[in-house]
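Asks: Just dropping this structure here.
The values are calculated or read from the model by the stated rules, or taken from the named source; none is laboratory data. These figures come from a predicted structure and were not determined experimentally. Positions of Cβ are generated from backbone atoms using ideal geometry, with glycine treated the same way; all protein chains shown enter the neighbour counts. With ligands, DNA and RNA removed, areas are computed over all heavy atoms of the protein, side chains included. Shrake-Rupley method; radii C 1.70, N 1.55, O 1.52, S 1.80 Å.
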Amino acid sequence: MLCGNFKVACFVFHRASLESTVRAALLRSPAVALVGPRQVGKTTLGRSLLDAGSPNYFDLEDPQVEAQLAAPLTALKDLQGLVVIDEVQLAPNLFKVLRVLIDRPGNPAHFLLLGSASPTLLRQSSESLAGRIEVIETAGFTLDEVGTAATARLWWRGGFPRSFGAASDAASSIWRREFIRTTVERDLPQLGMGAPAPAIFRFWSMLAHYHGQTWNAAEPARSLGVNESTVRRYLDWLTQAFLVRQLQPWFVNFGKRQVKAPKVYVRDPGLLHALLGIDGADALARHPKSGASWEGFALEQVLRIAQPDEAYFWATHAGAELDLLMFKDGRRVGVEFKRTDAPLLTPSMRTALADLALDALYVVYPGERRYRLHERVEAVPLWAVLPAPDRGQSRR
Ligand SMILES: Nc1ncnc2c1ncn2[C@@H]1O[C@H](COP(=O)(O)OP(=O)(O)O)[C@@H](O)[C@H]1O
Ligand SMILES: [Mg+2]
């Protein structure tokens, strides 16, 4: 198959776990919102859930559809089964109508709303459809989707399907640079980020240099010539657009002074590399940010796959720290990311185990072997965090 005008073979990954998450949510709730950055595959997934040629797909970016949905009750009231409404953030008033439709006795329709990372979408939906909607967050491909044989490629190119699947590294870099350009020039302002495109670009590039570090507003504020609350707002915008992750610190009240600012990460490693001007896998291996990039990549994969209820980092001024503290189903699991060949147990890990009362601590590293460092501490390869059936398999 050829992909559009590009003379390259098309590849399509079946995103089985995302699809089953969405299907399960649709069985439980009359409305499901699938949100994430632009270009991660929301439309592709939403359409795949409908029969070919189904009239139940509405793309609000299409002016004709927008006109049709200007009278939403008329347009939607007779539809049955799954109805997919794409780019729903463009019609925030629709949520009130959806509520009316959902609350009809014997309502025959359920709604999948797709949104490009809009804070407006989340606010509107939670207010108007409270108790009726589930929000599912998505992003680019994960390791369990592309298979562990493609780990290096996923790290270097990132998970956006068009970047990951580009015909060459150069084509992947060009796609990501273009994505960044349209994001700062069009999408973020459209989402309401009221700052000039060059300032957003400089800020995002600066964040790439802070990747994996605790956030300090003073330096970016000085260098952009704005005040600290303005750069704080920029950070929150990029976070709400799912492009940046803020990992908040965990506090334990027993006297040790602890670090208060969040850690910041550029979520997609491919975008991180484009922002840092790293133009190839060799350049990445030599780059001073290489370790931080790998740790951020591993962190994002672990969070996507583990789906914890809550996630933090932990650090004390005395020097003990933990890269990731996850709470899931009443368990406390710690994760350290170590880009070394054979991680060892460190005093900081012992402190974290004791002070945080961890049930388990995993040391994720780029090696192949899984081994125990302590009764509750295990060194594990990145692939070992995958759900069991997918381990070690490549679906390419
Ligand atoms: N599972 C997939 N496998 C391969 N390519 C995909 C997959 N999902 C999406 N794509 C490609 O990625 C691009 C963006 O997909 P799209 O569904 O339009 O994203 P979104 O709706 O999130 O903006 C398209 O070119 C699409 O063909
Ligand atoms: Mg789309």
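Asks: Working only within the range 160-210, note down all residues that are touching a residue at least 12 places away in the same chain (Cβ under 8 Å), closer than 25 Å to Ser290 by Cβ and among the acidic types (Asp, Glu).
Replies: Asp169
Asks: All but one of (1) open to solvent by less than 50 Å² (accessible area, probe 1.4 Å); (2) at pLDDT 90 or above; (3) in contact with a Phe, Trp or Tyr (Cβ under 7 Å, 6 or more places away or on another chain) hold for Ser128, so report the exception by its number.
Replies: All conditions are met except number (2).
Asks: Here's a follow-up. Which residue, of Ala354, Ala342, Ala311, Ala292, is among the aliphatic types (A, V, I, L, M), touching a helix residue (DSSP H, G or I) at 6+ places or on another chain (Cβ under 8 Å) and open to solvent by 20 Å² or more (accessible area, probe 1.4 Å)?
Replies: Just a single option satisfies the conditions, and that option is Ala311.
Asks: Please verify whether the range 136-144 includes one or more residues that are more than 16 Å from ligand 2 (Cβ to nearest atom) and either open to solvent by 50 Å² or more (accessible area, probe 1.4 Å) or among the polar types (S, T, N, Q) (or both).
Replies: The answer is yes, given that some residue of the range 136-144 is more than 16 Å from ligand 2 (Cβ to nearest atom) and either open to solvent by 50 Å² or more (accessible area, probe 1.4 Å) or among the polar types (S, T, N, Q) (or both).
Asks: Exactly one condition in (1) in contact with an Asp or Glu (Cβ under 8 Å, 6 or more places away or on another chain); (2) modelled with pLDDT of 95 or more; (3) open to solvent by 50 Å² or more (accessible area, probe 1.4 Å) is false for Phe254; which is it?
Replies: (2)
Asks: Going by the structure shown, is Leu26 assigned by TED's automatic domain parsing to the domain that holds Leu98, more than 11 Å from Asp86 (Cα to Cα) and at pLDDT 95 or above?
Replies: So Leu26 fits the description; yes.
Asks: What residue, among those in the range 35-55 that are crowded, with 16+ Cβ neighbours inside 10 Å and at pLDDT below 95, is nearest to ligand 1 (Cβ to nearest atom)?
Replies: Here the residue is Arg38.
Asks: Moving on. Which count do you get for residues in the range 316-333 that are within 27 Å of the chain's Cα centre (by Cα) and open to solvent by 10 Å² or more (accessible area, probe 1.4 Å)?
Replies: 10
Asks: Still on this model: Identify the residue in the range 315-332 that is among the hydrophobic types (A, V, I, L, M, F, W, C) and at pLDDT below 95 and, among all such residues, is nearest to Pro262 (Cα to Cα).
Replies: That would be Ala315.
Asks: Among Ala306, Ala298, which is the only one that is open to solvent by 30 Å² or more (accessible area, probe 1.4 Å), under 20 Å from the mean Cα position of the chain (by Cα), of a type outside the set (Lys, Arg) and under 25 Å from Tyr210 (Cβ atoms)?
Replies: That would be Ala306, the only listed residue that is open to solvent by 30 Å² or more (accessible area, probe 1.4 Å), under 20 Å from the mean Cα position of the chain (by Cα), of a type outside the set (Lys, Arg) and under 25 Å from Tyr210 (Cβ atoms).
Asks: Which one is nearest to ligand 1 (Cβ to nearest atom), of the residues in the range 66-96 that are charged (D, E, K, R) and surrounded by fewer than 19 Cβ atoms within 10 Å (Cβ to Cβ)?
Replies: Selected residue: Glu66.
Asks: May I pose another question? Return yes or no: is Glu336 open to solvent by less than 30 Å² (accessible area, probe 1.4 Å) and not aliphatic (A, V, I, L, M)?
Replies: Yes; evaluated as a whole, the condition is true for this residue.
Asks: Next up: Give all pairs with beta carbons closer than 7 Å in which a residue from the range 30-56 that is in the same structural domain as Val97 (by TED's automatic domain parsing) meets a residue that is β-branched (Val, Ile, Thr) and part of a loop (DSSP other than H, G, I, E, B); count only pairs at least 6 apart in sequence or on separate chains.
Replies: Leu34/Thr138; Gly36/Thr138; Val40/Thr138; Lys42/Thr138
Asks: Quick one: which of Pro366, Pro387 is at pLDDT below 95, touching a Leu at 6+ places or on another chain (Cβ under 7 Å) and open to solvent by 30 Å² or more (accessible area, probe 1.4 Å)?
Replies: None of the others qualify; the one that does is Pro366.
Asks: Anything in the range 204-214 that is open to solvent by 20 Å² or more (accessible area, probe 1.4 Å) and in a loop (DSSP other than H, G, I, E, B)? List them, or say none.
Replies: Gly212
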